[in-house]
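Structure, as structure tokens:
Each value in this text was obtained by applying a stated rule to the coordinates, not by laboratory testing. Treat the numbers as computed from the prediction; the structure is a model and nothing was measured. Cβ placement follows ideal geometry from the backbone for every residue including glycine, while neighbour counts extend to all protein chains displayed.
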Amino acid sequence: MRALFVIAASAFAVVGFAGGAAAQRDATPAYYLVRLDLRLCPSPMCGGAWVRRVNHATTRCVDGSEARECYVASVIGSLQGGTFTLARGRLVPAGIVGFPGLGALRVSATWEHAGISSWRGSVYRVRDNGVRCVTSPCFSFNAAKLETTRRTTLSDVDLSRVSAHPESLVKARLALARGGLIVAGTVRVVPDVGPAGDGRVLVATQFWLSR
């Protein structure tokens, strides 16, 4: 499946980018969930990808419209992984003659999903903050909700519900300690988890690892 995705992604990746003044006004970089467009119709109206801005109900497309997902005719840059690939980048005009409303995703970074199933909840960047306690719960993790200003501390990150390979779980724990892991899930209060009172746990449904 991964090989198929890489082949399909490289098939519509744009090596260069040409456009006028509008193409030069790049949008603000954002995090997007990306899935390939598997519809069967003539390119460039099909065969690109669908992008959805993380932690937003709608995404602003290149033509100015708002939608749950935006279609892009091409991806500029490297994009590898499965259906739930996470990318950071900009939506820009595709620069295709005759199709002024079509966009492209200019990618600056990508993360591959670890679990085989979909995801639910909000998406956070979580890291170990180095705090250590003599009692529990100990709020040793900082969590930042992507694309927002919301921040919180966590007493634990529960990755057990993500159907990920054991090797991916090891990499996830290392990422938490070394700078951050991108995790989707729900923050839950756990009453009386220890002598220090209530805990706050991020119950993960998916996480992404950098390539």
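Brief remarks on what is shown
- Relative to the longest principal axis of the Cα atoms of the chain, the long axis of helix 2-12 lies at roughly 40 degrees.
- Spatially, segment 70-115 and segment 140-165 are offset by 25 Å when compared through their Cα centroids.
- Relative contact order of the chain, pairs being alpha-carbon contacts under 8 Å that are 6 or more residues apart, as %: 18 percent
- Electrostatic dipole magnitude of segment 168-211 [Cβ: Lys, Arg +1; Asp, Glu -1; Cα centre; debye, to 20]: 320 debye
- Nearest 10 degrees, 0 to 90: helix 166-178 Cα axis against the chain principal axis: 80 degrees
- Neighbour counting of Cβ atoms within 10 Å sorts the residues T186, T149, fewest neighbours leading, into T149, T186.
- Peptides 58-64, 85-91, 45-51 ordered by packing proxy, namely the average of other Cβ atoms within 10 Å per residue, highest first: 85-91, 45-51, 58-64.
- Every helix of 4 or more DSSP H residues in the chain counts as -39500 (n - 2.57), and over all residues that averages to -4000 deg cm²/dmol at 222 nm.
- Sorted by Cβ neighbour density within 10 Å, fewest at the top, the residues E147, E167: E167, E147
- Convex hull of the chain built on C-alpha atoms - directionally averaged projected area, nm²: 12.8 nm²
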